[in-house]
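Worksheet: one structure, shown below.
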Protein chains: 2
Amino acid sequence: MGIVVQKYGGSSVADADGIKRVAQRIVNTKKQGHEVVVVVSAMGDTTDDLRDLAEQVTPLPPPRELDMLLTAGERISMALLAMAVSSLGHEAQSFTGSQAGVITDSVHGKAKIIDITPGRIKSAIDEGHVAIVAGFQGVSQDTKDVTTLGRGASDTTAVALAAALGAEVCEIYTDVAGVFTADPRIVPAARKLDRVSHEEMLEMAASGAKILHLRCVEYARRYDVPIHVRTSFDTIEGTWILPDTADTEGDTVEQAIIAGVAHDRSEAKITVVGVPDKVGEAARIFEVLAGSEVNIDMVVQNVSAAATARTDISFTLPREDGQNAMAALAKIQDEVGYDKLLFDDRVGKVSLIGAGMRSHPGITAKFFASLAAAGVNIEMISTSEIRISVIVDEGQIDTAVRATHTAFDLDADEVEAVVYGGTGR
Amino acid sequence: MGIVVQKYGGSSVADADGIKRVAQRIVNTKKQGHEVVVVVSAMGDTTDDLRDLAEQVTPLPPPRELDMLLTAGERISMALLAMAVSSLGHEAQSFTGSQAGVITDSVHGKAKIIDITPGRIKSAIDEGHVAIVAGFQGVSQDTKDVTTLGRGASDTTAVALAAALGAEVCEIYTDVAGVFTADPRIVPAARKLDRVSHEEMLEMAASGAKILHLRCVEYARRYDVPIHVRTSFDTIEGTWILPDTADTEGDTVEQAIIAGVAHDRSEAKITVVGVPDKVGEAARIFEVLAGSEVNIDMVVQNVSAAATARTDISFTLPREDGQNAMAALAKIQDEVGYDKLLFDDRVGKVSLIGAGMRSHPGITAKFFASLAAAGVNIEMISTSEIRISVIVDEGQIDTAVRATHTAFDLDADEVEAVVYGGTGR
């Protein structure tokens, strides 16, 4: 029996009863003969409450101090969880990110993990203890200051620890039963997936599926960490996220063509109208955006109208970056010589994802036909080997998701249980 | 201008407004040209709230984990305070006990400071920053685990840091105006003392005065750290606690004979009745009590009644140790051969303290006469060079304190302001 890393989110440890329930689950895993390392988030809304406190003191808290403040959240939950496990007769020790050897860069608020040196965790589990580790936090290599990894990054802590410890699985516990073929709030007939590949999960996370953080899945793919996403409110199996079987076994027979339909309501679209059709103008625009830390998603350049030698460039970006991007582009209007800027935050992205689609031509045509039949207008398109995404009007997202889900035979015969206990994520 | 260490208690930083008020005071001190190191307690009732949370999870939390949990309290207050100072335009950095170099032994819940290695604090103030340090906590030398120093120990953190940094003063901010000649709730005419010696403060703290922790005063005396106890809710001067002038300057002219009257309601009295008057019996009794970690305060052995060759031994101890002590003594009844045990928790201790009394005979007689005149019966007596304590009936404590205060001319002409803002300590 090997090491199991279990990660419990805030909704699983929202109160004393939740903590005791989670402790029992940890002990059950231990009794099966596993060495157990647990990564835990802050209880319920603790992190938001701490942010509110900071807001009461100053609207612009220094990032170092905000990280110091927020890390109090996991400190509380991990100590309580260690107590609860101990009270069930199994020794448990809690460790901060720093004590667990989560070494990061110095970018407070969204630090990246540079290295994991889990010496104290190894010692603890070698002595038969359960190790409970604070998610979301680390210590900076240069300044030895406490850092946080960004919202939802406890999943990343868990996968990174699982990789460093050579764990046999990283179990991510949440209040949702697993990964679904679509958001069950939009598609009640969505099915829970028994397994998806790392690659598919990566595309789903990047396309708006919120169950796992993008960085966590990237980490899992790079280090081949098997993830099991499941609920802490029931013992049913969830969804396994595994290395692509086509890659590892050359066997795609069992691989479903389509894993699911994802959607994203957080995008906006900017159109730069009347850009002179000269070499370097588009480059200049995206240079400026990159310099303003704006993340571009999809880009479309219209065919130039020969008579005017001008073109329109449209791109999508996170809505929260919208103002920033508009301001940066306004500054170069004279230099680039474009006519005007259009900003549209009433758009959404719908994506079809499936590792099987690379060997099945005709998927794109079927996707577009289903959208057309449902009366959904496609504004932009982008594709990867295992994903097709379209930008549609915000008001048509739900229709588009449902039509696609049905067209690709993803609908279940019966509605499955989805959300347990908590408030969703 | 040298280093000033300021310590703010939980009532001073109970909410965002309190934190901002404290930040302004810190900045004012900085503007006067001082280097400022701040030690802060957890906000308001945070520590008790965290204890309640632990209680909900398990009645007997492992001490290591309880310490991990409780230290979240100062983490929150220190980060918020650093934010508030920064928002006033002065850079501030917060440091955990571990980061501040507060090295302790491994006794979780009541760890003792072994060493202070304030390298990071020195660097911070050398760079012109305000350093904000978590009170109450440290890191164990052996296991590198987080420790707490016991209830009220933030004062000790502050004095220890002041000693290690060679600070010119350690200011202890609280919601009380200073050290008073008696508890103003009992004696409305109590006067605020402008100064007391370390030695007197030590006896007052040991005799029940709650304004400063005994360990903090011991530390200050050992390292000659001047303490200024004052309120954070006003700019008035409080009480200076300084090395004994008779020792350092050979000048006792200004030394008042009596510093004040302290009382303690937390004691109990045990009488071992009919102990055979043989060598070694008393030793055996106190050996057993020491083995049970019971702290004995005063001891009286009655003169043996020659006819029976038996004696009674009475001693006082903290009430909370009462059960423990009775159980330990019951086990040795046959071995020692005493008749019975009497337990009395309806007693209290009243103490008269003053460094001047060692050179003024007659103080004891006057003290006893004033108690007799007030109708107070003395049950036990103990003395040091600068203190006389008596055990009296619990119901007579207030009468005894008032009578003594008046007899030694300590009453003020007018009632002074005492408690500010908060809820007392």
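The values are calculated or read from the model by the stated rules, or taken from the named source; none is laboratory data. As the structure is a prediction and not an experimental result, all values here were calculated from the model. We place every Cβ from the backbone using ideal geometry, glycine too, and count neighbours over all the protein chains shown.
Would you check if there is a residue in the stretch A:342-351 being among the aliphatic types (A, V, I, L, M), closer than 20 Å to A:Ser266 by Cβ and more than 22 Å from the chain's Cα centre (by Cα)?
yes
Would you mind finding the one in A:Ala182, A:Ala189, A:Ala162 that is among the aliphatic types (A, V, I, L, M), surrounded by 20 or more Cβ atoms within 10 Å (Cβ to Cβ) and in a loop (DSSP other than H, G, I, E, B)?
Going through A:Ala182, A:Ala189, A:Ala162 in turn, the sole match is A:Ala182.
A:Ile116 versus (1) facing chain B (nearest Cβ under 9 Å); (2) hydrophobic (A, V, I, L, M, F, W, C); (3) out of contact with any Asp or Glu (no Cβ under 6 Å at 6 or more places or on another chain): which is the lone unmet condition?
Only one criterion is unmet by A:Ile116, namely (1).
Taking the conditions exactly as written (facing another protein chain (nearest Cβ under 10 Å) and over 28 Å from the mean Cα position of the chain (by Cα)), does A:Ser87 satisfy them or not?
It is true that A:Ser87 is facing another protein chain (nearest Cβ under 10 Å) and over 28 Å from the mean Cα position of the chain (by Cα).
Check whether at least one residue in the stretch A:319-332 is of a type outside the set (Gly, Ala, Ser) and assigned to a strand (DSSP E or B), and report yes or no.
The answer is no, given that none of the residues of the stretch A:319-332 is of a type outside the set (Gly, Ala, Ser) and assigned to a strand (DSSP E or B).
Could you pull out every one of the strands (runs of 3 or more DSSP E) wholly within the stretch A:345-397 that has 2 or more residues that are surrounded by fewer than 19 Cβ atoms within 10 Å (Cβ to Cβ)?
Result: A:380-384.
Consider A:Thr29 against the criteria (1) more than 12 Å from chain B (Cβ to nearest Cβ); (2) hydroxyl-bearing (Ser, Thr, Tyr); (3) within 21 Å of the chain's Cα centre (by Cα): it satisfies all of them except one. Which criterion is unmet?
(3)
Report yes if some residue within the stretch B:48-58 is at pLDDT 95 or above, polar (S, T, N, Q) and out of contact with any Asp or Glu (no Cβ under 9 Å at 6 or more places or on another chain); otherwise report no.
There is at least one residue in the stretch B:48-58 that is at pLDDT 95 or above, polar (S, T, N, Q) and out of contact with any Asp or Glu (no Cβ under 9 Å at 6 or more places or on another chain).
Just checking, how many residues over the stretch B:8-24 are over 14 Å from B:Val39 (Cα atoms) and in a loop (DSSP other than H, G, I, E, B)?
2
Filter the stretch A:71-84 for residues that are hydrophobic (A, V, I, L, M, F, W, C) and facing chain B (nearest Cβ under 8 Å); which is surrounded by the fewest Cβ atoms within 10 Å (Cβ to Cβ)?
Checking each candidate, the answer is A:Ala72.
How many of the residues in the stretch A:60-113 are small (Gly, Ala, Ser), outside any helix (DSSP H, G or I) and over 27 Å from B:Gly89 (Cα atoms)?
Final tally of qualifying residues: 7.
Checking the condition in contact with a Ser or Thr (Cβ under 7 Å, 6 or more places away or on another chain), more than 7 Å from chain A (Cβ to nearest Cβ) and either under 19 Å from B:Asp234 (Cβ atoms) or small (Gly, Ala, Ser) (or both), which residue from B:Val22, B:Val38 passes?
B:Val22
Yes or no, residue by residue, for (1) within 25 Å of A:Ala23 (Cβ to Cβ); (2) within 12 Å of chain B (Cβ to nearest Cβ); (3) at pLDDT below 95:
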position: A:Arg120; (1), (2), (3): yes, yes, no
position: A:Ser123; (1), (2), (3): yes, yes, no
position: A:Gly128; (1), (2), (3): yes, no, no
position: A:Ile132; (1), (2), (3): yes, yes, no
position: A:Thr143; (1), (2), (3): no, yes, yes
position: A:Thr147; (1), (2), (3): no, no, no
position: A:Arg151; (1), (2), (3): no, no, yes
position: A:Val159; (1), (2), (3): yes, no, no
position: A:Ala164; (1), (2), (3): yes, no, no
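Could you list, in sequence order, the residues of the stretch A:40-65 that are at negative phi, in contact (Cβ under 8 Å) with a residue 24 or more places away in the chain, surrounded by fewer than 22 Cβ atoms within 10 Å (Cβ to Cβ) and out of contact with any helix residue (DSSP H, G or I) (no Cβ under 6 Å at 6 or more places or on another chain)?
A:Asp45, A:Pro63
Could you list all residues from the stretch B:125-139 that are surrounded by fewer than 24 Cβ atoms within 10 Å (Cβ to Cβ) and not β-branched (Val, Ile, Thr)?
Scanning the stretch B:125-139 gives B:Asp126, B:Glu127, B:Gly128, B:His129.
Kindly indicate whether A:Val229 is in a loop (DSSP other than H, G, I, E, B), farther than 30 Å from A:Gln323 by Cα and at pLDDT 95 or above.
no
For A:Thr156, work out the one condition from (1) out of contact with any strand residue (DSSP E or B) (no Cβ under 6 Å at 6 or more places or on another chain); (2) part of a loop (DSSP other than H, G, I, E, B) it doesn't fulfil.
Single failed check for A:Thr156: (2).
Taking the stated definitions as given, is A:Thr143 part of a loop (DSSP other than H, G, I, E, B), hydroxyl-bearing (Ser, Thr, Tyr) and either free of Cβ contacts under 8 Å to residues at least 24 places away in the same chain or in the same structural domain as A:Ala42 (by TED's automatic domain parsing) (or both)?
So A:Thr143 passes the test.
So B:Gly33 ticks every box in (1) outside any loop (DSSP other than H, G, I, E, B); (2) under 23 Å from B:Leu165 (Cβ atoms) but one. Which box is left unticked?
Failing condition for B:Gly33: (1).
Those residues that are assigned to a loop (DSSP other than H, G, I, E, B) and surrounded by fewer than 13 Cβ atoms within 10 Å (Cβ to Cβ), I need them from the stretch A:271-318; list them, please.
The answer is A:Val279, A:Gly280, A:Glu293, A:Asn295, A:Val303, A:Ala306, A:Ala307, A:Thr308, A:Ala309.
Can you tell me how many residues within the stretch A:58-70 are of a type in the set (Val, Ile, Thr) and more than 7 Å from chain B (Cβ to nearest Cβ)?
Count: 0.
Within the stretch A:333-344, track down each residue that is of a type in the set (A, V, I, L, M) and surrounded by fewer than 16 Cβ atoms within 10 Å (Cβ to Cβ).
Once the filter is applied, which keeps residues that are of a type in the set (A, V, I, L, M) and surrounded by fewer than 16 Cβ atoms within 10 Å (Cβ to Cβ), the stretch A:333-344 yields A:Leu341, A:Leu342.
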